[in-house]
Every structure is written in structure tokens, then in C-alpha cells.
Amino acid sequence: MGIKKHIPNTITCCNLISGCIATVFALNGQFAMALLWIVTGAVFDFFDGMTARLLHVSSPIGKELDSLADDVTFGVAPSAMVFYELSAMDYPTVMEPLRPYIPYFAFIMAAFSALRLAKFNLDERQTTSFIGLPTPANALFWGSLLVGANQWLESSPNNAPLIMIMVLLSCYLLVSEIPMFALKFKQWGWKGNEVKYIFVATAAALIILLGVKGIAVVIAWYVLLSAFVGRKSGSADPE
């Protein structure tokens, strides 16, 4: 039992280490490797909770450690990617005097990711679905966007303020009260899972057609579909 209780936390630490590695690659402009390590962290994040449940060794320490690891991997690492991109881009003339300072704007997203994770830990509604954008989804959006659309983003100085607006939008979505479905299946039938199956099918098609940048489109589609379903139902699923 002594060793068994440490297995989930060890996996969580692997998530945290993956986020640290992703951050280093991000700050060196190696976006593809940064995204790879964010995805690796997401895999560890998936298995730490599953392992804790299977071994019946969940603990308050594990919950706190998980949030810390998630903020590094899904908050700091994508923020570091945006920081590097804002450092490398051309700016509109009016913004050029602020070039030394603007890239640090990216780390607002890391702070809001931490707020999102703290809110998630205390919000009893979020056991079967989400309220606000999950941090892994936000990280995958930015990672895939900066890998797949990097040349387009750097093609015009006007894209710098666009990125800043998108950062603010991400921050809003992370802590918003918008209900968002989770890909958790209580049963595999079509009835009750229509939205999930439609999302999975369209997501696969978008990634096949668009490649890496298709992941960013999929996340945007996820937000829009969740907002539509939430408005149609009038409230979030009980969590």
C-alpha cells in the first residue's frame, strides 16, 4: 500500500515535468516540440486520475498537485508559446514603442488558467460536464494554432493585436459560466450522446482535412457547439 499510494502522484509529477519541458521549448520558439510535450502532459493528466480511482488512493494532496501540474502544462506552457510569438511578430507602427513589454501580456492566460483550476476544484457542478473552457482544451488550441498557422500569424503586423484579443477571449472562456459538455459516456447508444458523437465525427474530419491547425478549429467548434447546446437546454447538466 505504501508504494501504491504514490503511483498517481508520480504520474501527476510526470505531467508537471512535461509542462516544464514544453515551456522550455516554447521559450526557444520550438513550437512543435512544445505542443508535443503539452499533449504528453495531457496523457499523464488523463491517467493520474484514472489510476487514483482504480487504486482507491485519491487524496487532497493529489488534487492540489494535479492543479499545480495542470497550470504549468496547460497554463504556463501555452502562455510561453504566445510570449515568444508576440516577441517575434511585427507590430503596427502605433504599438512598436511597446514591443519590449507587450509579450508579457501572454502570461495573463496562465493566471486565468490557475483561476479556472481553483474554480473547478470547488465547483460541485463539474463532475460530468464543465462550466467554462477546460485548461487542456485551451492549451491545445494555442499550441496547434501556433504550430499550424505560424506563417500566417507572422504575415501581417495586424495579427499582433488579434492575438492579444484572442488571449483575452481565452481568459474569459476559462472562467466563464458557459456550460461545456465532456466526452464521458455512461452508455454507448446514440440517444443521449448525439452531441458527443457529432462532435467526435466532425473533429476527426477537421483534423484529417486541416492537419495540426485543425485541432485549433476543433476547439473553437467545441466552444460554439457547447454554447449552442447550453442555450438550447437552458442550463448546464447537473455536475
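When region 45-59 is filtered for residues that are farther than 13 Å from LYS4 by Cα and without any contact (Cβ under 8 Å) to a residue 60 or more places away in the chain, the ones remaining, listed by number, are PHE46, PHE47, GLY49, MET50.
Residues in region 114-166 that are open to solvent by less than 20 Å² (accessible area, probe 1.4 Å), under 14 Å from PHE74 (Cα atoms) and either part of a helix (DSSP H, G or I) or of a type in the set (Gly, Ala, Ser) (or both): ARG116, LEU117, THR135, ALA137, ASN138, ALA139, TRP142, GLY143, SER144. In region 29-44, which residue that is more than 18 Å from ASP66 (Cβ to Cβ) and either touching a helix residue (DSSP H, G or I) at 6+ places or on another chain (Cβ under 6 Å) or in contact (Cβ under 8 Å) with a residue 40 or more places away in the chain (or both) is least open to solvent (accessible area, probe 1.4 Å)? Per the stated criteria, the residue is ALA34. On inspection, PHE105 fails the criterion of being part of a helix (DSSP H, G or I) and at pLDDT below 90.
Residues in region 149-182 that are free of Cβ contacts under 8 Å to residues at least 60 places away in the same chain and in contact with a helix residue (DSSP H, G or I) (Cβ under 6 Å, 6 or more places away or on another chain): ILE178, PRO179, MET180, PHE181.
Would you confirm, using the coordinates I've provided, whether GLY19 is open to solvent by 10 Å² or more (accessible area, probe 1.4 Å), over 20 Å from MET164 (Cα atoms), small (Gly, Ala, Ser) and out of contact with any Leu (no Cβ under 7 Å at 6 or more places or on another chain)? Answer is no for this residue. Of all residues in region 119-137, exactly one satisfies the criterion of being among the hydroxyl-bearing types (Ser, Thr, Tyr) and modelled with pLDDT of 85 or more, namely THR135.
Per the listing GLU85, GLU96, the residue uniquely without any contact (Cβ under 8 Å) to a residue 40 or more places away in the chain and either outside any helix (DSSP H, G or I) or not polar (S, T, N, Q) (or both) is GLU96. Just one residue in the set LYS232, LYS196 is at pLDDT below 95, assigned to a helix (DSSP H, G or I) and open to solvent by less than 40 Å² (accessible area, probe 1.4 Å); that residue is LYS196. Looking only at residues in region 45-84 that are among the β-branched types (Val, Ile, Thr) and in contact with a helix residue (DSSP H, G or I) (Cβ under 6 Å, 6 or more places away or on another chain), the one that is farthest from GLU154 (Cα to Cα) is VAL57.
Name every residue in region 167-193 that is surrounded by 15 or more Cβ atoms within 10 Å (Cβ to Cβ), out of contact with any Leu (no Cβ under 8 Å at 6 or more places or on another chain) and modelled with pLDDT of 95 or more, in order of residue number. Listed by number, the residues that qualify are VAL167, CYS171.
The values are calculated or read from the model by the stated rules, or taken from the named source; none is laboratory data. Worth saying up front: this structure is predicted, and the values here are computed from it rather than measured. As a convention, Cβ positions derive from the backbone with ideal geometry for all residues, glycine included, and neighbour counts pool all protein chains shown. Remember, those area values only see protein heavy atoms, side chains included, never the ligands or the DNA or RNA. Shrake-Rupley method; radii C 1.70, N 1.55, O 1.52, S 1.80 Å.
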